[in-house]
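For reference, the structure discussed in these notes is given below.
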Amino acid sequence: MNAKPLKNWTPDERISAVKNIFNTITPHYDLLNRIMSGRRDVAWRKFAVERIPSNARKILDVATGTGDLAIAIAERNLGIEVVGVDFVEKMMRLAQNKTEAKKLTGKIEYSAADATSLPFNSNEFDSATIAFGLRNIPDRLAALKEMGRVVKKGGKVITLEMTFPKNLRLRNFFKWYLNNMIPMLGGIISGNRSAYRYLPDSIQDFLTPDELSDLFESAGFTSINKFPLTFGLTYLHEGTVA
């Protein structure tokens, strides 16, 4: 693991580290998400699904990982088609297994892709989502613009990301939890403490909710909204493609 502060990593160093980390922790990823969030990650994804327009029929899930959000979207409506993309193919193999177990094969398609260069036509999707993955992409603006490119005019782009709550006591507790409990729990369960050192660092290095709203504006989205979830530990941002 790179010993430099995360903010000093080059884009190539970050991409290489993310691929290595998520290939390593795939078998334990879902379990650790549930434990470390107190299962709130399930509720956060449910809220994201609820924010997708009811008339959306083809939806792209970027940085789909093990497919939790893609599956939640597909379960919402029999008429929905979901495409999940990620550049960590080991995680998508697990996503495919989960999809088959839930009898959703045919509703969800998984494909290897770079979030900043999506292999889809412009205006191909009704909405696009990304949950807890934008912070791992060095060029976040390029990723948002790509999501906007492939979504039809009037469609939504939705992100979920963890952040620090405004309440000072909660903020201090969350910082302690991130820097102490997550590496310890991650190390015990996955055997890779360094991977769960990167994950807290990536949250602390990420944009504030207001900065992410500004990035949505820079990407050309309109009707930008942000919603604090669980005392502001996580935010959902959404924007409409102009």
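The values are calculated or read from the model by the stated rules, or taken from the named source; none is laboratory data. Every value quoted in this text rests on a predicted model; they were computed, and no experiment measured them. Heads up, the Cβs are rebuilt from the backbone with ideal geometry, glycines too, and the neighbour counts pull from every protein chain shown. What goes into the accessible areas is simple: the full protein's heavy atoms, side chains included, and nothing from ligands, DNA or RNA. Shrake-Rupley method; radii C 1.70, N 1.55, O 1.52, S 1.80 Å.
Tabulated data for the structure shown
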item: In region 29-62, the residues that are under 22 Å from Q96 (Cα atoms), open to solvent by less than 60 Å² (accessible area, probe 1.4 Å) and modelled with pLDDT under 95; result: Y29, D30, L32, N33, R34
item: Residue under evaluation F22, criteria (1) under 14 Å from the mean Cα position of the chain (by Cα); (2) at pLDDT 95 or above; (3) not aliphatic (A, V, I, L, M), criterion not met; result: (2)
item: Of all residues making up region 132-181, the number that are of a type in the set (A, V, I, L, M), open to solvent by less than 20 Å² (accessible area, probe 1.4 Å) and touching a residue at least 40 places away in the same chain (Cβ under 8 Å); result: 9
item: Residues (modelled with pLDDT of 95 or more, part of a strand (DSSP E or B) and open to solvent by 20 Å² or more (accessible area, probe 1.4 Å)) located in region 80-113; result: E81, E109, Y110, S111, A112
item: Residue in region 195-204 that is touching a Leu at 6+ places or on another chain (Cβ under 7 Å), buried (at least 21 other Cβ atoms within 10 Å of the Cβ) and at pLDDT 95 or above present; result: no
item: Number of the exception - F216 against (1) open to solvent by 20 Å² or more (accessible area, probe 1.4 Å); (2) aromatic (F, W, Y); (3) not in a strand (DSSP E or B); result: (1)
item: Flag if G65 is open to solvent by 40 Å² or more (accessible area, probe 1.4 Å), part of a loop (DSSP other than H, G, I, E, B) and either in contact (Cβ under 8 Å) with a residue 60 or more places away in the chain or within 22 Å of F47 (Cβ to Cβ) (or both); result: no
item: Matching entry among A43, A48 (being under 27 Å from S122 (Cβ atoms), aliphatic (A, V, I, L, M) and either in contact (Cβ under 8 Å) with a residue 60 or more places away in the chain or in contact with a His (Cβ under 7 Å, 6 or more places away or on another chain) (or both)); result: A48
